[in-house]
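Single-structure report; data block below.
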Amino acid sequence: MLRGIGLAGVVAVVLSVGHSSELRAQSSNEQGRKVVVISLDAFGAESLRDPHLPAPTLHKLMKEGAYASAMNPINPTVTWPNHTAMVTGVNASKHHVIANGLIVNQRGDAQPKIDPYAPKSRLVAVPTVYDAAHKAGLTTAEVDWVAVEAADGITWRFSEKPHLDGPIEHDLIEQGVVSREDLEHFNKPSQAWRDRIYTQAGIDIIKKHHPDLLLFHLLALDGIEHKTGFGNDSGVNTIAFLDDRVKDLVEAVKEAGDLDRTTFLIVSDHGQQSVFKHIHGNAMLRQAGLQGASVKNKAFCIPEGGFALIYQQHATPESTTALKAVFAGKTGVRAVLTPAEAAKDGWPIPSNTDQGPDLLVYASNGFAFAGDSGEAVITDTKEVGAHGYPNTEPLMKEIFIASGAGIAKKGEIPEFNNVDVAPTIARLLNLQLNNIDGKEITAILAEKSQK
């Protein structure tokens, strides 16, 4: 699994599944409004400010609608948590997604793992806007969206790892877009190739199934920036490639006859910044005597670029203080936070979910946490890219563009938090989300959409 390294009911419907967030369909989608959310992974707000950016489609959508000077991500600034925030309206302290999958075996005798195939029902602790849409009788779809494995609220799907016998996959095989062998070895070609196939899947869904809500995600920019760093020609050229994919989807909506009632929301999940040194957290723990066959209260590090998650078998306030001393003040370490301290920045805590870390460690700019490299604590690397740094870092900020049905021609608007995306989708589709943190972005809405 590649990582960011991932609506016409006629009665009111209440969705209650034992979570703190309640999603309710306010009334039917009387005007037949459709929303297409296109996420361009790792597209930082800083990149969009370049007046010479080769992105004519995005610039056209910005000119015809509204765009934010920046959109603020939640912590952690990685792919799955922020995509989940944009469809739930809450941060990780409530939806509990803090990695690109479900963290498993985190307090055992061996290195924890991240399971990207965990079902959405286990991974996401609150309902989503697509749950509300589906409950209201609207048609939902996802292409390469995240945290949606086996989600009941999705009608049509083409997953990051395609299902060989899925109906959209079957369509693409029949059309000659891909072969069954292509799908069996989907991760072997380049991410750009995969993004083209994702786009063809999106086009197929739009033209054949006319979804009321489509959640669509492309990864090429994240992939190239992880390899080469931020702010170079590789990233700029990839943005040009992605702009063409957005154009393909807009054209598909037009050809499907749905353009006059479709709202396009172009978003990203985080930005990216360059890294020149890697920190190896497990080497630090081994040197502190916290790993090894004879250790009774082992601790392990899950490296996630700009941050690291530390889990201990039997954490106590005293052992957490000792853990903090392992990292505090060390080269490349920006901050070390206990669960109570991390909670102030929107992180979940162990007493609320097993996903909550026993210690959170942030890397300094120019450094990133990475996997093991023998016993070295710090190693040099060629320039590469990383994210996961605190959401206050300017290069972590996201893009937001809105255009089409229901959107006013407002130009630039001030930055806002990405948890506001979910209630805005709900307003556009005449749904309502209750008990969430996000607020509708009323500044972008045309007069009729604000009533």
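Every number in this text was worked out from the coordinates using simple rules, so none of it is lab data. Since the model is a prediction, treat every value here as computed from it, not as a measurement. When we count neighbours, we look across all protein chains shown, and the Cβ atoms used for this are built from the backbone with ideal geometry, even at glycine.
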Requested in this report: Could you tell me what % of all Cα pairs in the stretch 128-206 have separations over 16 Å?
Outcome: 49
Query raised in the report: To the nearest 20 debye, what charge dipole does the chain have about its Cα centre, counting +1 at the Cβ of each Lys and Arg and -1 at the Cβ of each Asp and Glu?
Result: 720
Query raised in the report: Ala288 to Thr379: FRET efficiency via 1/(1 + (r/R0)^6), r the Cβ-Cβ distance, R0 25 Å, to the nearest 0.05?
Result: 0.85
Query - Amide proton proximity set for Val384, modelled H, under 5 Å, gap of 5+ - result: Val275
Query raised in the report: Based on the mean of other beta carbon atoms within 10 Å per residue, what is the order of 406-415, 59-68, 75-84, 229-238, most packed first?
Result: 75-84, 59-68, 229-238, 406-415
**Report entry** Peptides ranked, highest mean first, by Cβ atoms within 10 Å: ranges 244-256, 311-323
**Finding:** 244-256, 311-323
Report summary line: Computed for the stretch 274-386: size of charge dipole around the Cα centre, +1 on C-beta of each Lys and Arg, -1 on C-beta of each Asp and Glu, debye to nearest 20, value 180
Report summary line: Placing each pseudo-label 7 Å from Cα in the direction of the beta carbon, Asp248 and Asn297 end up separated by a distance in nanometres of 5.4
**Report entry** Label-reachable residues, the stretch 382-397, where backbone N falls under 16 Å from a point 7 Å from Glu415's Cα toward its Cβ
**Finding:** 388-397
Report summary line: Note on the chain, DSSP bridge orientation, antiparallel percent to nearest 5 equals 55
Report task. Would you please give the FRET efficiency between Thr316 and Ala150, computed as 1/(1 + (r/R0)^6) with r the Cβ-Cβ distance and R0 = 35 Å, to the nearest 0.05? Result -> 0.45
Query raised in the report: To the nearest 500 deg cm²/dmol, what mean residue ellipticity at 222 nm is calculated for the chain from DSSP H runs of n ≥ 4 alone, each contributing -39,500 (n - 2.57), summed and divided by the residues?
Result: -8500 deg cm²/dmol
Report summary line: Expressed in nanometres to one decimal, the distance between label points 7 Å along Cα→Cβ at Lys344 and His170 is 5.6
Query - Dimensionless Rg over Rh [the chain; C-alpha; Kirkwood] - result: 0.97
Query raised in the report: How do 385-395, 418-428, 150-160 rank on mean C-beta neighbours within 10 Å, highest first?
Result: 418-428, 385-395, 150-160
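Using only the Cα atoms, work out Rg/Rh for the stretch 274-386, with Rh taken as the Kirkwood radius, to two decimals.
0.96
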Query raised in the report: Which part of the stretch 111-131 falls in the paramagnetic zone of Asp372, meaning amide N under 11 Å from the point 7 Å along Cα-to-beta-carbon?
Result: 111-112
Report task. Putting +1 on Lys and Arg Cβ atoms and -1 on Asp and Glu Cβ atoms, find which of Phe327, His217, Gly385 reaches farthest to the positive end of the dipole of the chain. Result -> Phe327
